[in-house]
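The values are calculated or read from the model by the stated rules, or taken from the named source; none is laboratory data. All values derive from a computational prediction rather than experimental measurement. No Cβ is skipped: glycine too gets one built from the backbone with ideal geometry, and neighbour counts run over all protein chains shown.
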């Protein structure tokens with residue numbers, strides 16, 4: 001089975017976009033490593049005739065980030081904790097009232113490898129978060145699956161301070177979210 005060429009629409013109906021945070025500091029035992037999911041996002045992915053990625057355009061509603069999981073910590077993550085974390089993301093971390101969208105525009109695929117029906121590349125483009133735009137590289141893997149669909153998986157490590165974001169802290173800085181966060185997108189590209 002080969003990877004189909006064309007333009008594909010993606011969003012929550014075709015996959016999942018998550019951010020994973022880690023805790024650090026002397027008070028890390030009290031906090032949680034978080035999995036935060038974007039529940040409203042959309043995008044377009046182009047696959048070129050050589051089976052490499054072309055243009056990638058993703059837009060996320062930053063106001064619709066949901067805390068899905070919290071691991072570790074002195075006690076389980078409660079609904080109250082989730083609501084407090086969400087409020088902090090909106091007001092202190094991303095300022096979603098002023099910057100409601102996060103956007104990635106990938107314009108170049110580098111280090112393209114196509115072998116045995118699979119493809120991988122590093123997609124380079126601009127990522128806008130909280131009103132600041134910076135270049136970023138996302139490693140992407142494409143794999144054909146049943147029904148003529150393609151599974152696409154993209155991963156990137158982002159340093160919050162590169163976008164002017166001060167990582168969240170608590171307990172006078174004894175507990176803090178690590179500056180580096182992991183972003184993972186897994187979606188299916190289905191022919192239209």
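For segment 78-99, enumerate the residues that are without any contact (Cβ under 8 Å) to a residue 40 or more places away in the chain and touching a helix residue (DSSP H, G or I) at 6+ places or on another chain (Cβ under 8 Å). Across segment 78-99, the qualifying residues are 90, 96, 97, 99.
Could you tell me which residue of segment 66-77 is surrounded by the fewest Cβ atoms within 10 Å (Cβ to Cβ), considering only residues that are in contact (Cβ under 8 Å) with a residue 24 or more places away in the chain and in a loop (DSSP other than H, G, I, E, B)?
Taking segment 66-77 first, the residues in contact (Cβ under 8 Å) with a residue 24 or more places away in the chain are 66-74, 77.
Next cut, in a loop (DSSP other than H, G, I, E, B) only: 72-74, 77.
Working: 72: 14, 73: 17, 74: 9, 77: 18.
It comes out as 74.
Got a number for residues in segment 152-179 being under 30 Å from residue 47 (Cβ atoms) and surrounded by 16 or more Cβ atoms within 10 Å (Cβ to Cβ)? First the steps, then the outcome.
Step one: filter segment 152-179 for residues under 30 Å from residue 47 (Cβ atoms), giving 152-159, 162-163.
Then drop every residue that is not surrounded by 16 or more Cβ atoms within 10 Å (Cβ to Cβ), which leaves 152, 154, 156, 158, 163.
The qualifying residues number 5.
When segment 92-110 is examined, which residues are found to be exposed (fewer than 12 other Cβ atoms within 10 Å of the Cβ) and in contact with a strand residue (DSSP E or B) (Cβ under 9 Å, 6 or more places away or on another chain)? Within segment 92-110, just 110 meets the criteria.
Specify which of the listed residues (165, 102) is in contact with a helix residue (DSSP H, G or I) (Cβ under 8 Å, 6 or more places away or on another chain) and either without any contact (Cβ under 8 Å) to a residue 40 or more places away in the chain or assigned to a strand (DSSP E or B) (or both). Steps first, answer last, please.
Numbers: 165 fails: either without any contact (Cβ under 8 Å) to a residue 40 or more places away in the chain or assigned to a strand (DSSP E or B) (or both).
Only one candidate passes the filter, namely 102.
In summary, residue 149 fulfils each of the numbered conditions (1) surrounded by fewer than 14 Cβ atoms within 10 Å (Cβ to Cβ); (2) over 21 Å from residue 102 (Cβ atoms) with the single exception of condition (1).
Which residue out of 142, 158 is modelled with pLDDT of 95 or more and either under 19 Å from residue 17 (Cβ atoms) or assigned to a strand (DSSP E or B) (or both)? That would be 158, the only listed residue that is modelled with pLDDT of 95 or more and either under 19 Å from residue 17 (Cβ atoms) or assigned to a strand (DSSP E or B) (or both). Among the residues that make up segment 115-135, is at least one of them surrounded by fewer than 17 Cβ atoms within 10 Å (Cβ to Cβ), over 18 Å from the mean Cα position of the chain (by Cα) and either at pLDDT 90 or above or on the phi > 0 side of the Ramachandran plot (or both)? Checked against the condition, which is being surrounded by fewer than 17 Cβ atoms within 10 Å (Cβ to Cβ), over 18 Å from the mean Cα position of the chain (by Cα) and either at pLDDT 90 or above or on the phi > 0 side of the Ramachandran plot (or both), segment 115-135 yields at least one hit. From 85, 47, 89, which residue is surrounded by 14 or more Cβ atoms within 10 Å (Cβ to Cβ) and under 30 Å from residue 112 (Cβ atoms)? The unique qualifying residue is 47.
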